[in-house]
1. Of all residues in region 238-251, which are within 24 Å of residue 342 (Cβ to Cβ) and either modelled with pLDDT under 95 or surrounded by fewer than 19 Cβ atoms within 10 Å (Cβ to Cβ) (or both)?
2. Could you tell me which residue of region 215-237 is most open to solvent (accessible area, probe 1.4 Å), considering only residues that are under 19 Å from residue 167 (Cβ atoms) and not β-branched (Val, Ile, Thr)?
3. What's the number of the only condition in (1) outside any loop (DSSP other than H, G, I, E, B); (2) touching a Pro at 6+ places or on another chain (Cβ under 9 Å) that residue 298 fails to meet?
4. Taking region 374-393 on its own, how many of its residues are among the charged types (D, E, K, R) and either open to solvent by less than 40 Å² (accessible area, probe 1.4 Å) or without any contact (Cβ under 8 Å) to a residue 60 or more places away in the chain (or both)?
5. Within 23 Å of residue 336 (Cβ to Cβ) and more than 13 Å from the chain's Cα centre (by Cα): is that true of residue 289 in this structure?
6. Given the conditions (1) at pLDDT below 95; (2) surrounded by 19 or more Cβ atoms within 10 Å (Cβ to Cβ); (3) under 19 Å from residue 185 (Cα atoms), and given that residue 402 satisfies all but one, which numbered condition is not satisfied?
7. Of the residues 96, 89, 106, which single one is under 29 Å from residue 262 (Cβ atoms), part of a helix (DSSP H, G or I), touching a residue at least 12 places away in the same chain (Cβ under 8 Å) and open to solvent by less than 80 Å² (accessible area, probe 1.4 Å)?
8. Among the numbered conditions (1) open to solvent by 70 Å² or more (accessible area, probe 1.4 Å); (2) in a helix (DSSP H, G or I), tell me where residue 73 comes up short.
Amino acid sequence: MVKYQEIALQSIKDLRQSVEEQLNKLQKDVTDKLITLFKEEKRNMEASSRQCERLMNSMVNTMKSSVTAAEENDTIEAIVLYQRGQAEVESCKALVTEMSTSFMSVSIKHQIVPRLVTLGDEAMGKVVIERQRRCLPGDLDFLSVPLSDRRVKEIGKFNVKTPSDKERCWISGVVYLPNEQIVLSDHNNKKLRLFTDKGQYLDELVIRGYPLDLCLVNNNTVAVAVYGRGGVCVVQVEDSKLSLSSEINMPNGKHCYGITHTDGRFLVGTIGGEVYSVTQDGTAVLLHKYNNSCYTLTQDPVKGDTIVSVSNTITGDVAVSRLSADKRHMDVMKVGVVSDARGIDLDREGNIYVCGNSSHNVVQMSGAGTHVRELLTSSEGMDSPQAIAVGGDKILVTSDSTDQENYIRVFQLH
């Protein structure tokens with residue numbers, strides 16, 4: 001007995017040492033990844049900063065030289081400097097336009113995997129990057145015409161139906177990725193599809209249940225609300241391929257319609273009009289209940305509010321609402337110009353875009369709903385618009401009408 005006890009005690013010590021060695025290795029791996037990602041993001045930020053600084057210094061020098069040339073009445077030098085200044089202003093406009101489409105706040109976080117039962121690769125958690133689109137400061141607006149003042153024109157249209165589809169398409173959700181690819185959800189064929197925004201097909205993924213609204217989690221991750229199974233599917237988008245990362249089931253079995261993501265949790269709208277906050281482990285907290293289905297949710301990255309579309313058709317009922325983190329809500333738009341609100345999205349200036357499914361239009365309005373204009377109506381062939389995505393100055397719109405259901409239309413604000 002003494003002999004076996006000594007052997008057992010030594011075995012326990014050896015196991016403890018082995019576990020510590022494995023944990024040390026896992027800690028080193030996840031630490032190295034965090035440091036590498038941080039350095040990469042910092043390098044990108046510093047490169048953009050240097051580019052802005054070089055252009056700013058060049059413009060300042062041109063301005064000072066122009067003042068000197070004017071004081072010395074040097075006409076030829078003044079003309080040369082004027083031409084150089086014009087070129088620099090154009091370069092500045094191009095730089096601001098480029099940066100405005102990719103202006104993000106970046107958060108690198110350590111995420112612990114829930115319900116851990118083994119010492120696997122994610123025993124020490126994982127490092128995730130979250131990016132939220134941000135608006136450029138308002139004092140740069142003079143460099144370009146605000147999106148709220150631009151005209152809209154159709155620049156393309158492409159078919160999203162694939163040979164494997166057994167049903168007609170119903171594109172119920174679409175999301176723009178930062179790399180100019182788009183992910184769309186096909187409710188009828190139970191699929192997600194990946195395209196370029198020029199219409200080139202890349203990949204598709206079969207979903208268990210009926211996929212509806214989509215949201216961006218980070219640069220290479222999207223999430224889809226799934227009807228029928230009552231949950232959320234998280235999908236990776238890497239190397240032009242879609243792969244299922246995880247599934248979250250709603251504890252109350254609610255059918256999910258709309259979805260958005262903020263601060264590591266999902267906000268989900270339901271057929272009954274409820275909006276829930278849902279964590280990665282499936283814990284759901286009711287935030288608010290509207291009087292009709294919430295088809296689409298999106299996030300205001302500046303104010304931190306959730307923008308909710310409500311599918312009401314009775315004049316005076318809420319069509320678009322703002323829901324804050326502390327559960328306060330404010331009606332932004334009533335049913336009138338828009339009826340049966342479906343797809344909803346924001347541009348970089350904070351303007352809200354809404355699809356009126358029954359009113360057959362797409363409306364652009366200010367964040368508070370004080371300025372409203374119809375961008376697209378039935379006269380532009382807009383029939384029962386369903387989903388919308390805004391990327392830079394481009395707008396993607398889908399429809400559930402019979403003659404447009406298999407297509408995505410591409411518009412540009414110019």
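1. Within region 238-251, 248, 250 meet the criteria.
2. The qualifying residue most open to solvent (accessible area, probe 1.4 Å) is 229.
3. (2)
4. At the first step, the residues of region 374-393 found to be among the charged types (D, E, K, R) are 374, 380, 383, 393.
This time we only want the ones that are either open to solvent by less than 40 Å² (accessible area, probe 1.4 Å) or without any contact (Cβ under 8 Å) to a residue 60 or more places away in the chain (or both), so: 374, 383.
Going through region 374-393 one residue at a time, the tally reaches 2.
5. yes
6. (2)
7. Checking each option against the conditions leaves just 96.
8. (2)
The values are calculated or read from the model by the stated rules, or taken from the named source; none is laboratory data. Since the model is a prediction, treat every value here as computed from it, not as a measurement. Neighbour counts run over all protein chains shown; Cβ positions are idealised from the backbone, glycine included. Areas reflect the complete protein model, heavy atoms only, side chains present, ligands, DNA and RNA absent. Shrake-Rupley method; radii C 1.70, N 1.55, O 1.52, S 1.80 Å.
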